[in-house]
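The values are calculated or read from the model by the stated rules, or taken from the named source; none is laboratory data. Keep in mind it's a predicted model, so treat the numbers as computed, not measured. Reconstructed Cβ throughout: ideal geometry from the backbone, glycine too, with neighbour counts over all protein chains shown. Ligands, DNA and RNA are stripped out before the accessible areas are found, and what is left, the full protein with its side chains, is counted by its heavy atoms. Shrake-Rupley method; radii C 1.70, N 1.55, O 1.52, S 1.80 Å.
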Amino acid sequence: QLAISLGGGIAPLVNLLCDRHRYPEAKQYAAASLTRLAAETKKEQDKRKEMSEKGETPPASTAERIAEAGAIEPLVHLLSGEKGPEAQEEAAGALTALAIYASNRVAISEFGGIGPLVVLLGSPNAKTREHAELALVRLSIEPATRVLIIEQLVSMLADDSHTAAQEQAAGALANLARESIENRTSILKADGIPWLLNLLHSTSRKAKENSARAISHLAYKSKENQIAIADAGGIAKLVGTLISASANVKEVSNMKLCTLVVEGIWNMADGNRDNQTALLKE
């Protein structure tokens, strides 16, 4: 990694991404190479941490230098899939690696990367979906970006014609809700709670699981969210889902759903006397 980076390998790799006449494989391998270069070694991380603790300014990381070389814009363009699913997957992986740094997160947003990454949550390629989801979690660290990401994910929950997209959007919201209080607040403000609750009645087992997980994270130690979920009819829907899933608890899928719903009920009842009473009545 160090030899390629110090030997001037970044610029020509970025040039391959930008060259319109290159074969898709060239772009695919260039993106994959940049992903690996962007991953700092433990030694590099320790050195940068040591310098920061001493009040010294560490040199630009490889990920930052890749962005400075102009990699982000062509990587965002590759997310369209025009150059093939392999190049699309590697581009999503590269952007995920670059999104560790604040300046890169801002650049990915400015070059229009959020929309394509959200769309990739519905990709048939599991690795591409995984990269897109992690990239969005990292991008959500920036306040302005967080709101935009969450609004787009909530809009995907409302699209009953694309079950796979609903599944992935609910999963992404669950991960975002787990990450921070700020994310949970943004989901509440984007009216995500009613749409997540609706997915508890989905025909998709994965959509039910992801929505139950998201609701559980939203209710965790948050009186405001507990009340919002209850006001949206969440108590009846959680209990109804539990009763339905527990009817055949010997099935592994039903056991998993039961576990997630019970966790959600626990978080809804935690420190909330009104919810405790409503759950008992239900």
Requested in this report: Extending each Cα 7 Å along its Cβ direction at A247 and S155, get the distance between those two points in nm, one decimal.
Outcome: 3.7
Report summary line: For the stretch 60-76, in residue order, the Karplus 3J(HN,Hα) values (coefficients 6.51, -1.76, 1.60; θ = phi - 60°; whole Hz; Gly and Pro = x) are 4, 6, 4, 4, 5, 5, 4, 5, 4, 7, x, 7, 5, 4, x, 5, 4
Report task. Would you look at the GNM of the chain, springs on alpha carbons closer than 10 Å, and say which of L157, L34, L13 moves the most? Result -> L13
Report summary line: Note on the stretch 86-126: C-alpha Rg/Rh, Kirkwood Rh, two decimals, gives 0.97
Query raised in the report: Which residue, E209, E90, E224, has the most motion in a Gaussian network model of the chain that connects Cα atoms within less than 10 Å?
Result: E224
Query raised in the report: Is there a pair in K208/K237; K206/K250; K127/K221 whose C-alpha atoms are over 23 Å apart, and which pairs would that be?
Result: K127/K221
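Given 10 °C and 1.306 mPa s, compute D for the chain with the Stokes-Einstein relation, Rh being the Kirkwood radius over Cα pairs; round to the nearest whole µm²/s.
Values: Rh = 20.3 Å.
The Stokes-Einstein estimate is 78 µm²/s.
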Requested in this report: List the relative contact order of the chain as a percent without decimals, with contacts defined as Cα pairs under 8 Å and 6+ residues apart.
Outcome: 11
Query raised in the report: If you line up the long axis of helix 234-246 against the longest principal axis of the chain, both from Cα atoms, how many degrees apart are they, to the nearest 10?
Result: 90
Query raised in the report: Can you list the equivalent-ellipsoid semi-axes of the stretch 12-138, largest first and in whole Å, using the square root of 5 times each Cα gyration tensor eigenvalue?
Result: 26, 16, 12
Query raised in the report: aspartates and glutamates within cross-link reach of K42: Cα-Cα under 16 Å, excluding same-chain residues under 8 positions apart?
Result: E50
Requested in this report: Round to the nearest 10 and report in Å² the accessible area of T57, as given by a 1.4 Å probe over the protein chains' heavy atoms.
Outcome: 120
**Report entry** Modelled label reach - E68, point 7 Å along Cα→Cβ, the stretch 12-43 residues with backbone N closer than 16 Å
**Finding:** 12, 14, 38
Report task. Treating each Cα of the stretch 176-282 as an identical point scatterer and ignoring solvent, apply the Debye formula and state log10 I(q)/I(0) at q = 0.10, 0.22 Å⁻¹. Result -> -0.24, -1.16
Query raised in the report: How do T35, T128 stack up against each other in accessible area, from largest to smallest, with a 1.4 angstrom probe?
Result: T35, T128
Query raised in the report: Cα axis of helix 205-219 to longest principal axis of the chain: angle in degrees, 0 to 90, nearest 10?
Result: 90
Requested in this report: On a C-alpha basis, how far is the centre of the stretch 129-151 from the centre of the stretch 204-255 in Å? Whole number, if you could?
Outcome: 24
**Report entry** Label-to-label distance, nm, for residues given as M51 and C18 (7 Å Cα→Cβ offset)
**Finding:** 2.6
**Report entry** Computed E for M255/A102 - FRET, C-beta separation, R0 51 angstrom, nearest 0.05
**Finding:** 0.80
Report summary line: Given unit charges at Cβ for Lys, Arg (+) and Asp, Glu (-), the dipole magnitude of the stretch 151-192 about its Cα centre in debye, nearest 20, is 180
Report summary line: Ratio for the stretch 122-246, C-alpha Rg to 2.2 N^0.38 Å, reads 0.99
Report summary line: Expressed in square angstrom to the nearest 10, the accessible area of D46 with a 1.4 Å probe stands at 70
Query raised in the report: Put a dot 7 Å past each Cα toward the Cβ at Q276 and I181; how far apart are the dots in nm?
Result: 2.3
Query raised in the report: What angle do you read, to the nearest 10 degrees and between 0 and 90, between the alpha-carbon axis of helix 42-53 and the longest principal axis of the chain?
Result: 80
**Report entry** Max mean-square fluctuation residue, GNM over the chain, Cα-Cα springs under 10 Å, options A247, A87, A11
**Finding:** A247
